[in-house]
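Participant: Here it is, the structure, as structure tokens.
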Amino acid sequence: MTNTENSTAFTANSVTVFRSLIEGLDLSHFGEAQLYDLSALASESAGGLCQGLLCLSEGLENCEIIPPEGIAQVSGYLKASAHLIPVLFELCEQVNSSLMRMKKITAYPMN
């Protein structure tokens, strides 16, 4: 039972940390149209993920894999995942690149 509690605490903490890091991103270099696109895609993806997870959860509780009425919700979940997974990889790559640049600057300071 301790492992479950620790796992839940870690998950909640990692979600909070991730959210606060994303919240701190500077979006000032985006144009208005790009911000509208980003907002719409983020909102649509979050909604699709929530609906799909809820549908799958309810289906599993009722011993069904995917109930027929939930196929559209699961489809939204898969589409949202398809949008978010590449974004997370891109975010990871950009962070790693920034870290490498920081290390190079720190390792070889210009005098």
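Bear in mind that the values in this text are calculations on the coordinates, not laboratory data. The structure displayed is predicted, hence computed values, not measured ones. As a convention, Cβ positions derive from the backbone with ideal geometry for all residues, glycine included, and neighbour counts pool all protein chains shown.
Participant: Set the Förster radius R0 to 22 Å, insert the Cβ-Cβ distance between THR16 and LEU88 as r into 1/(1 + (r/R0)^6), and round the FRET efficiency to 0.05. If you can, show how the numbers build up before the last one.
Facilitator: Working: r = 17 Å, r/R0 = 0.76.
For THR16 and LEU88, the calculated efficiency is 0.85.
Participant: Continuing with the same structure: Between GLU44 and SER98, what FRET efficiency comes out of the Förster formula 1/(1 + (r/R0)^6) with R0 = 30 Å and r the beta carbon distance, rounded to 0.05?
Facilitator: 0.60
Participant: For segment 35-47, take each phi angle, set θ = phi - 60°, evaluate the Karplus expression 6.51 cos²θ - 1.76 cosθ + 1.60, and give the result in whole Hz per residue in order, putting x for glycine and proline.
Facilitator: With the stated coefficients, segment 35-47 comes to 5, 4, 4, 4, 5, 5, 5, 5, 5, 5, 5, 4, x Hz.
Participant: Something else about it: Note the direction-averaged projected area, equal to a quarter of the hull surface, for the Cα convex hull of segment 31-107, in nm². Please list the in-between numbers first.
Facilitator: Values: hull surface 29.5 nm².
If you wrap the Cα atoms of segment 31-107 in a convex hull and average its projections, you get 7.4 nm².
Participant: Work through the residues other than GLY70 whose Cβ is under 9 Å from its Cβ and net out their charges, Lys, Arg +1 and Asp, Glu -1.
Facilitator: -3
Participant: All other residues with a Cβ under 14 Å from the Cβ of GLU58 taken together, and with Lys, Arg as +1 and Asp, Glu as -1, what is their net charge?
Facilitator: Details: positive: none; negative: GLU61, GLU64, GLU69.
Counting the neighbours of GLU58, the net charge comes to -3.
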